[in-house]
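Have a look at the structure below before the remarks.
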Amino acid sequence: MTTEKRKGSTEMNEPSAPTVRLTGGVELPRLGLGTWPMSGDKAERAVRSALEHGYRSIDTAAAYGNEKAVGRAIASSGLPREDVVVTTKLGNSEHGYGTALRACDRSLDELGLDHIDLYLIHWPMPSVNKYVETWRALIDLREQGRVRAIGVSNFKPAHIDRLVAETGVTPAVNQIELNPYTNRPAEREYHRAQGIVTESWSPLGPRTDLLREPVVTELAEKHGKQPGQVVLRWHMDLGLVATPKSSDAQRIAANIDVFDFSLSADEVTAITALDTGLRTPVDSDKPIGAPPAGIRTTT
Ligand SMILES: NC(=O)c1ccc[n+]([C@@H]2O[C@H](COP(=O)([O-])OP(=O)(O)OC[C@H]3O[C@@H](n4cnc5c(N)ncnc54)[C@H](OP(=O)(O)O)[C@@H]3O)[C@@H](O)[C@H]2O)c1
């Protein structure tokens, strides 16, 4: 369920994205700032800039090594804590019930917060085969109020089916690689049927030519927008949540300025037709470490 737009353009320090209500009542903005691969002062500056430009959702992870910087930026923003939705993720080496509880404590400590709004299992790590007990830890963390909503990332439908079969609790969100080059209709439909919010990582397509595709540049010209804004609007018009990353203040501002126009059904279809299956070469069913940065392949 999505609430409607509050205003048509970005003004400093005004919330600028509509929200989707997650199980448990968290209102997750449809557009937030991704923070990988930024760290230290760069991450802090980007998060501060995003909050000044109306972002109210920040996506980080234990694996990004920037939770401290994200926490500093939020603390110094002057915004009430309840106005900012903070997502972080449990790392791949932190699977297991007790390990997950301790990982959450560490993230809270790094962020300098007393609760996380949305806590995700970063990857299912089926070779470790502990994602169900890890999920039980997240369920308990939610019950204890240390996290407000729980979800997963990079989970395939079979992984989610197993979570639900063994715990009875469906993730609120699955954050997956999703952009016009890899737009994953089967997973989107599965999520919709299960009441799971689909969140797009690499919404602009990392190191791809997506923003130079003629269909994107022509629509940008037609709508008086930038190519990146057209692609982000495509995510919005498909009902997705997106977390574009930028360290540049102008692009940070532009990326959230997508709520004063929309694409027609035909325009959405034309962008969707760019799907080539082009994506990073990471398979959630295989043992993995950190996701590779911006490597692309066709799978
Ligand atoms: N769950 C997971 O496993 C997972 C994996 C990867 C990423 N993520 C999350 O998703 C976020 C976004 O993914 P991503 O960083 O891979 O890809 P992305 O947000 O689609 O693209 C980021 C790249 O696009 C550039 N960019 C941003 N806005 C632009 C614009 N308006 N026009 C042109 N270029 C623009 C950025 O450069 P500048 O900074 O110079 O603007 C950066 O190089 C990450 O930061 C992270 O929070 C999650």
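The values are calculated or read from the model by the stated rules, or taken from the named source; none is laboratory data. Note that the structure is predicted; figures quoted are calculated from it, not measured. Don't worry about glycine lacking a Cβ; one is built from the backbone with ideal geometry, like all the others, and counts go over all protein chains shown. Side chains included, ligands, DNA and RNA excluded: accessible areas come from the protein's heavy atoms. Shrake-Rupley method; radii C 1.70, N 1.55, O 1.52, S 1.80 Å.
List of remarks:
- Residue-by-residue Karplus 3J(HN,Hα) for the stretch 68-83, coefficients 6.51, -1.76, 1.60, Hz, glycine and proline x: 4, 5, 4, x, 5, 5, 5, 4, 8, 6, x, 7, x, 3, 6, 7
- Using a probe of 1.4 angstrom and keeping all protein chains present, the accessible surface of the stretch 96-230 works out to 40 square angstrom per residue.
- The share of accessible area on the stretch 38-151 that comes from carbon and sulfur is 44 percent, using a 1.4 angstrom probe.
- For the chain, adding -39500 (n - 2.57) for each run of n ≥ 4 DSSP H residues and dividing by the number of residues yields -11000 deg cm²/dmol at 222 nm.
- Stokes-Einstein diffusion coefficient of the chain, Kirkwood radius over Cα pairs, 10 °C, 1.306 mPa s, in µm²/s: 83
- Stretched out straight at 0.36 nm per residue, the stretch from Leu211 to Asp114 would grow longer than its current Cα-Cα span by 31.0 nm.
- Between amide H atoms placed 1.01 Å from N, distances below 5 Å from Ile121 occur with Leu90, Gly151, Val152, Ser153, all of them 5 or more places distant or on a separate chain.
- Share antiparallel - DSSP beta bridges, the chain, percent rounded to 5: 20
- Here the chain is assigned +1 on the Cβ of each Lys and Arg and -1 on the Cβ of each Asp and Glu. Its dipole about the Cα centre then comes out at about 300 debye.
- Farthest toward positive dipole pole in the chain [+1 Lys/Arg, -1 Asp/Glu at C-beta], among Leu263, Leu278, Gly98: Gly98
- Here the Karplus curve 6.51 cos²θ - 1.76 cosθ + 1.60, taken at θ = phi - 60°, turns the phi angles of the stretch 123-139 into couplings of 9, x, 6, x, 5, 7, 6, 10, 6, 6, 5, 5, 4, 4, 5, 5, 4 Hz, with x standing for Gly and Pro.
- Solvent-accessible ranking of Glu199, Glu82, largest area first, probe 1.4 Å: Glu82, Glu199
- With all protein chains in place and ligands, DNA and RNA left out, the 1.4 Å accessible area ranks Glu267, Glu133 as Glu133, Glu267, largest first.
- Between Val132 and Ala249, the simple spin-label model (points 7 angstrom out along Cα→Cβ) gives 5.2 nm.
- Summed side-chain charge close to Arg81 - residues other than Arg81 whose Cβ falls under 11 Å, Lys, Arg +1, Asp, Glu -1: -4
- Distance between the modelled labels on Tyr97 and Gln144, one decimal in nanometres: 1.3 nm (7 Å Cα→Cβ projection).
- Residue of Thr134, Thr99, Thr35 that the Gaussian network model of the chain assigns the largest fluctuation, springs spanning Cα pairs under 10 Å: Thr99
- Amide H within-cut-off set for Arg30, under 5 Å, with H built and near neighbours excluded: Thr19, Val20
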